[in-house]
Amino acid sequence: MPELAEVAFYSKKWAPGLGDRVVEVVCRDRARIYRTADPAQIRRGLKGKRLTGIETKGKQMRFVFGEASLGLHLGMTGKLLVKKGDHEPGKHDHLVIRQERRSLVFRDARMFGALKFEASTEPAWWTSLPPEVVSRSFTLKAVADYLRRRKGSPLKAVLLQQERFPGVGNWMADEILWRCKFHPARKAGTLDEEEGEMFWRETKQLCRDALKIIGDKYGRPPTSWLFRHRWRRGGKCPRDGAILMRATIGGRTTAWCPECQGK
DNA sequence: GGAGTTGTTTAGGA
DNA sequence: TTCCTAAACAACTC
């Protein structure tokens, strides 16, 4: 589920806990989400601290507890919830941060999600993340250079690279290519200058649009987006009504319109 | 019961 | 070295 805008939405779920102190931390130690962090360290490091900040960068989230940082990635099925203070962890509740008046819960069935912890407000794993697509530092030059570097890759695969397009996931990549009318299997190196600029512009615009619609209230994109038609076999292109195609491109299920994007 | 799933890492080939 | 692909991870839904 979680791409850029969904991550922004979920990060706010724990906002009611801002300013309050952590009473107790419950970790399901053997869960796979702890492959990148030590649960004992998280328990020790968060207890007694106040939640003082919530930030996101692409698909990454960071929760600041005083002088410590808890990094969180939702993977494919991760969710953040707020439950009552004495919430008994359910089957997939692998981390429960208890405060006096509520529990902050990280739930993840498939456990592709991951945690990070560091007793610092500026851990390298946070500060070294690439610039956000919606920021000024996401420049045309950076994108053009990247298209050149990955010239042999399908555009779909390029858009999924978090080192350059942080937050873009499967559906957003399809939506961007559909807006540009580029075939998802087209090689990155074949875009001319004008096409490269459109690719850059539409990537930024889609991220902005998605954040606006989904980031705050988890709204549903309009039917004029590919999003509303791409999941179902037999779905039609909202632009010209052609039956959408589906295939694995760049390792992921990809939907596109054979009429306006070709083949 | 089998196929498919909105993510990332890693191993190995080119 | 650098780039590219496929598989693995795990549990749920259709």
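Structure shown: which of A:Lys79/A:Lys187; A:Lys181/A:Lys204; A:Lys59/A:Lys187; A:Lys57/A:Lys151; A:Lys156/A:Lys204; A:Lys59/A:Lys156 lie over 23 Å apart, alpha-carbon to alpha-carbon? Display every interim value, and only then the final one.
On the way: A:Lys79/A:Lys187 35 Å; A:Lys181/A:Lys204 16 Å; A:Lys59/A:Lys187 25 Å; A:Lys57/A:Lys151 26 Å; A:Lys156/A:Lys204 16 Å; A:Lys59/A:Lys156 18 Å.
Violating the 23 Å Cα-Cα cut-off are A:Lys79/A:Lys187; A:Lys59/A:Lys187; A:Lys57/A:Lys151.
Given a cut-off of under 8 Å on Cα pairs at least six residues apart, what relative contact order in percent is computed for region A:4-127?
Working: 278 pairs, mean separation 38.7, N = 124.
So the answer I get is 31 percent.
For A:Asp209 and A:Arg32, what is the calculated FRET efficiency with R₀ set at 22 Å and r taken between the beta-carbons, to the nearest 0.05? Provide the component values of the computation, followed by the final result.
Values: r = 34 Å, r/R0 = 1.52.
For R0 = 22 Å, the calculated efficiency reads 0.05.
Taking the Cβ of A:Asp29 as the center, what net charge do the other residues with Cβ under 12 Å away carry, scoring Lys and Arg +1 and Asp and Glu -1?
Details: positive: A:Arg28, A:Arg30, A:Arg32, A:Arg35, A:Arg43; negative: A:Asp38.
That works out to +4.
Please give the calculated 222 nm ellipticity per residue for chain A, where each DSSP H segment of at least 4 residues contributes -39500 (n - 2.57) and the sum is spread over every residue; nearest 500 deg cm²/dmol?
On the way: 7 runs with 64 residues, N = 263.
Calculated mean residue ellipticity at 222 nm is -7000 deg cm²/dmol.
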(request) Provide the gained length on full extension for the span A:Arg149 to A:Val82, in nm with one decimal, where the gain is 0.36 nm per separating residue minus the Cα-Cα distance. (result) 19.8 nm
(message) Using each residue's phi in region A:166-180, evaluate 6.51 cos²θ - 1.76 cosθ + 1.60 at θ = phi - 60° and report the 3J(HN,Hα) Karplus result to the nearest Hz, with x for Gly and Pro.
(response) x, x, 6, x, 4, 6, 5, 4, 4, 5, 5, 5, 5, 4, 7
(request) Starting from the Cα of A:Cys260, step 7 Å along the direction of its Cβ; do the same at A:Arg101; then give the gap between the two resulting points in nm. (result) 4.8 nm
(request) For A:Thr190 and A:Glu122, compute 0.36 nm times the residue count separating them, minus their Cα-Cα distance, and round to one decimal in nm. (result) 20.5 nm
(message) For the pair A:Glu67/A:Lys217, report the inter-label distance in nm, with labels modelled 7 Å from Cα in the Cβ direction.
(response) 4.3 nm
(message) Defining a contact as two alpha carbons under 8 Å apart and six or more residues distant in sequence, what relative contact order in percent does region A:110-263 show?
(response) 22 percent
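Which of the peptides A:218-228, A:166-176, A:147-157 is most tightly packed, and how do the rest follow, judged by the mean count of other Cβ atoms within 10 Å per residue?
Details: A:218-228: 14.6, A:166-176: 23.0, A:147-157: 17.9.
Highest mean packing first, the order is A:166-176, A:147-157, A:218-228.
No lab work stands behind these numbers, since they all come straight from the coordinates. Treat the numbers as computed from the prediction; the structure is a model and nothing was measured. In this analysis, Cβ positions are derived from the backbone assuming ideal geometry, glycine residues included, and neighbour counts consider all displayed protein chains.
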